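Only one structure is covered here, and it is reproduced in the block below.
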Amino acid sequence: MINAFELQHGRLQQIQIESKADLERTKPIWIDFDEPDDEERLWAKDLFRLTLPDEDDFGDIEASARCFEDASGALQIRSDFLINKDDESRNIPVAFVFKQDILFSLHEEDLPVFRLLRMRARHQPGYLEDSRDVLLDLYATSVEYSADSLEGVYAALEEIGNRVLKARLTDQAAGDVLAHIAREEDLNGRIRRNMMDTRRAISFLMRRRLLSTDQIEEARQILRDIESLDGHTSFLFEKINFLMDATVGFININQNKIIKIFSVVSVALLPPTLIASIYGMNFEFMPELKWALGYPTALGLMAASVAAPFWFFFRKGWLK
């Protein structure tokens with residue numbers, strides 16, 4: 001699917017592209033390719049002399065493969081954008097190409113950041129002036145989206161902290177808490193990675209001297225916001241580690257209680273075992289062998305030898 005965007009009266013106007021002729025008639029500042037097919041890739045090559053990158057190349061982490069100028073003079077940028085949903089979070093790679101003062105973007109699924117930018121640019125006149133504004137605002141909106149996701153991590157960890165520190169934590173509840181902590185740790189890591197990638201792309205644009213004075217100031221503000229978010233992610237990693245350690249500590253305490261009970265029972269059963277062993281010997285000359293009260297006396301001794309340790313352990317508080 002292809003969406004072209006033109007500036008009309010200071011607003012970003014979206015144009016749905018159904019054919020090559022539709023794309024040829026536009027005067028776009030931004031063309032967005034959402035899972036383009038082979039025919040749509042051919043339109044881009046014929047009309048703009050642009051070969052769209054393959055999705056397999058999006059995941060390269062080397063700086064030289066993510067921000068560079070190709071043989072045709074077009075600027076190529078690869079960036080990750082966050083998707084944060086209730087059931088999962090993931091980073092979606094996006095390829096940007098600057099050519100002929102047009103921003104081309106290529107991705108495999110629609111992104112919240114892109115939807116938010118389109119909504120703002122449609123309703124706010126003068127919000128965007130050229131293709132570079134589009135890219136900068138995409139990165140600025142990505143930082144805002146990451147900041148909102150961080151607030152969600154804060155709220156989730158606050159709830160987890162209340163469960164861990166203010167309630168009696170069973171092993172089953174502890175396992176559920178650990179699963180929630182792992183999800184928040186994964187999201188926090190993805191946000192940090194997204195911010196690092198955005199910082200690298202912004203720095204590349206500034207080094208290429210493609211931005212106006214106002215755009216450079218906007219880029220610097222984005223970098224300052226990223227720096228602030230980095231501090232928050234570091235704090236959240238520390239909080240996650242604390243909650244993880246506390247939860248594992250409660251699991252260990254519960255396990256120690258079980259081991260303690262087994263130890264107490266083992267010690268309490270030693271005296272009756274000893275008594276039973278003594279009177280289970282088959283020596284011919286045993287004083288109590290023909291005693292009429294020998295059997296109940298032995299049972300009484302065994303019961304008393306069990307009760308005495310349990311009473312002692314209870315007085316010491318070792319059974320709690």
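The values are calculated or read from the model by the stated rules, or taken from the named source; none is laboratory data. The structure displayed is predicted, hence computed values, not measured ones. Please note: Cβ atoms are built from the backbone with ideal geometry, for glycine as well, and neighbour counts cover all protein chains shown.
The single residue among ARG183, ARG209 that is in the same structural domain as VAL248 (by TED's automatic domain parsing) and part of a helix (DSSP H, G or I) turns out to be ARG183. As a summary of the residue check, ILE261 satisfies the conditions (1) surrounded by 13 or more Cβ atoms within 10 Å (Cβ to Cβ); (2) under 30 Å from GLY161 (Cβ atoms); (3) not charged (D, E, K, R); (4) not assigned by TED's automatic domain parsing to the domain that holds ASP137 except for the one numbered (1). Condition check for GLN172 on (1) surrounded by fewer than 15 Cβ atoms within 10 Å (Cβ to Cβ); (2) of a type outside the set (A, V, I, L, M); (3) in contact with a Lys or Arg (Cβ under 9 Å, 6 or more places away or on another chain): one failure, at (3).
Rundown of residues vs (1) under 17 Å from PHE262 (Cα atoms); (2) surrounded by 12 or more Cβ atoms within 10 Å (Cβ to Cβ), yes/no style:
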| residue | (1), (2) |
| --- | --- |
| ALA276 | no, yes |
| MET281 | no, no |
| PHE285 | no, no |
| GLU288 | no, yes |
| LEU293 | no, no |
| ALA298 | no, yes |
| PHE313 | yes, yes |
| LYS316 | yes, no |
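Among the residues that make up the range 121-130, is at least one of them in contact with a helix residue (DSSP H, G or I) (Cβ under 6 Å, 6 or more places away or on another chain) and either not in a loop (DSSP other than H, G, I, E, B) or not assigned by TED's automatic domain parsing to the domain that holds TYR145 (or both)? No; the residues of the range 121-130 include none that is in contact with a helix residue (DSSP H, G or I) (Cβ under 6 Å, 6 or more places away or on another chain) and either not in a loop (DSSP other than H, G, I, E, B) or not assigned by TED's automatic domain parsing to the domain that holds TYR145 (or both).
Condition first: buried (at least 16 other Cβ atoms within 10 Å of the Cβ) and at pLDDT below 90. Can you find one or more residues in the range 142-149 that meet it? No: the range 142-149 contains no residue that is buried (at least 16 other Cβ atoms within 10 Å of the Cβ) and at pLDDT below 90. Report yes if ARG163 is among the basic types (Lys, Arg), touching a residue at least 60 places away in the same chain (Cβ under 8 Å) and either buried (at least 16 other Cβ atoms within 10 Å of the Cβ) or assigned to a helix (DSSP H, G or I) (or both), otherwise no. Spelling it out, it is not the case that ARG163 is among the basic types (Lys, Arg), touching a residue at least 60 places away in the same chain (Cβ under 8 Å) and either buried (at least 16 other Cβ atoms within 10 Å of the Cβ) or assigned to a helix (DSSP H, G or I) (or both).
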